[in-house]
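Below is one structure, written out as structure tokens; comments come after it.
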Amino acid sequence: MADVPDNAPEHCPGTQSEQAGKVSSCEGCPNQKLCASGATKAPDPAIAEIGEKLATVKHKILVLSGKGGVGKSTFSAHLAHALASDSTKEVALLDVDICGPSVPRIMGLEGEQVHQSGSGWSPVYVEDNLSVMSIGFLLSSPDDAVIWRGPKKNGMIKQFLRDVDWGDLDYLIVDTPPGTSDEHLSIVQYLSATNVDGAVIITTPQEVSLQDVRKEIRFCQKVKLPIIGVVENMSGFVCPKCKNTSQIFPPTSGGAEKMCADLDLPLLGKVPLDPRIARSCDEGRSFLNEIPDSPAAQAYQRIVQSIQEYCSNNETAQSTT
């Protein structure tokens, strides 16, 4: 739970709960008087600070997935690369997967460190117009485990949003961990004053992945986070020689296409499996630049174009209201 303090007892109802400070599990807690007074229900002042800090960021896009291993961080990285291919756009990628930060490796930035200036933390730059921030830059080794409870993770996410000197940005891509846990609640709460454009949800074709994606969709609906659309990753394998498509992960229940039709959501596209994507990620290079004519790269480009059009329409709608 995102609003449970570090020093709270096991069955803490949460500082935002109506029962905060009033139930038996609160007895003996050092925060009981404060919670019972109602002071903890006041809005976190960091929300306004973050809203002011990110006022110079035009578009904010969250990348979500219900299950791990579906290619969410890979998609986030390639979305950032694709948007930054336009040299007139300023793009940043924020990795809030605190326990599994893979973005530094995918972006070819392993071993880089964050520097602090008078205006805050400086993100690490891949290109002149593409910057990255991740907890991976704060670890002494990529093999170090981050063993933190929810409140400490939330504090780090708050610091990333409030204390990083992002500057003027056209796009901020936020790569989240899988699921619907503390990190997701925190990022949505902290960005609530910044007009988030929406979320892109990543899945694979098989039902075991779609089942968790439906939970992710319910999460977005409950917290009123707009859904830009769904991307079906690992959608078949196109043989590089004969060009025939094989279904490695068969869409037994109709895949993302049927799910989107049932839930009235946009299907942004289907990205086929390509071993060269995994290789380029391991080597820290952009697959879109390496093999731009491949079926997967072309699918990515169509998806990115749809996201750009959504953000452009969203910006127009906001400017007229």
ask   = What does the accessible area of residue 15 come to, in Å² to the nearest 10, when a probe of 1.4 Å is used?
value = 20 Å²
Dipole magnitude of the chain, debye to nearest 20 (Cβ charges: Lys/Arg +1, Asp/Glu -1, about Cα centre) = 720 debye
query = Relative to the first principal axis of the alpha-carbon coordinates of the chain, what is the inclination of helix 72-84, with its axis defined by its Cα atoms, in degrees from 0 to 90 and to the nearest 10?
reply = 70 degrees
note = the stretch 90-204: antiparallel bridges as % of DSSP beta bridges, rounded to 5, reads 35 percent
query = What is the dipole size for the stretch 199-321, taken about its Cα centre, with +1 at each Lys and Arg Cβ and -1 at each Asp and Glu Cβ, in debye to the nearest 20?
reply = 140 debye
note = Answer in debye to the nearest 20: the dipole magnitude of the stretch 78-230 about its Cα centre, from +1 Lys/Arg and -1 Asp/Glu charges placed on Cβ, is 800 debye
task = Report, largest value first, the span of the C-alpha coordinates of the stretch 1-160 along each principal axis, in whole Å.
result = 57, 35, 33
note = So the angle from the long Cα axis of helix 150-163 to the longest Cα principal axis of the chain, reported in degrees to the nearest 10, equals 70 degrees
inquiry  = Restricting to bridges with both residues inside the chain, how much of the DSSP beta-bridge set is antiparallel, in percent to the nearest 5?
reply    = 20 percent
task = Read phi for every residue in the stretch 253-266 and hand back ³J(HN,Hα) as whole Hz from Karplus 6.51 cos²θ - 1.76 cosθ + 1.60, θ = phi - 60°, with x for Gly and Pro.
result = 10, x, x, 5, 4, 5, 4, 5, 5, 5, 9, 6, 10, x
request  = Over the alpha-carbon set of the chain, work out the extent along each principal axis and list the three values in angstrom, largest first.
outcome  = 70, 49, 48
query = Tilt of helix 295-319 relative to the longest C-alpha principal axis of the chain, in degrees (0 to 90, nearest 10)?
reply = 50 degrees
ask   = So what are the three principal axis dimensions of the stretch 208-282 from its Cα atoms, in whole Å, longest to shortest?
value = 45, 28, 20
key: Whole-percent pair-distance distribution, where bins are 10 Å wide, for the alpha carbons of the stretch 19-83   = 16, 23, 21, 24, 15, 1
note = On the accessible surface of the stretch 45-126, probed at 1.4 Å with all protein chains in place, carbon and sulfur together account for a percent value of 46 percent
remark   = Here the Cα Rg-to-2.2 N^0.38 Å ratio for the stretch 54-138 is 1.08
inquiry  = Just to be sure I understand: if I project the alpha-carbon convex hull of the stretch 230-321 onto a plane and average over all orientations, what area do I get in nm²?
reply    = 7.8 nm²
inquiry  = For the stretch 149-272, report the % of Cα-Cα distances exceeding 25 Å.
reply    = 36 percent
task = For n ≥ 4 DSSP H runs only, could you compute -39500 (n - 2.57) per run for the chain, divide by its residues and tell me the 222 nm figure to the nearest 500?
result = -11000 deg cm²/dmol
ask   = Past the 23 Å Cα-Cα mark, which pairs from 33/222; 72/224; 33/158; 89/243?
value = 33/222; 33/158; 89/243
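The values are calculated or read from the model by the stated rules, or taken from the named source; none is laboratory data. What you see is a predicted model, and the numbers here were worked out from it, not measured in a lab. Glycine gets a Cβ as well: all are built from the backbone with ideal geometry, and neighbour counts include every protein chain shown. For the accessible areas, the whole protein counts, side chains as well, though only heavy atoms, and no ligand, DNA or RNA atoms are used. Shrake-Rupley method; radii C 1.70, N 1.55, O 1.52, S 1.80 Å.
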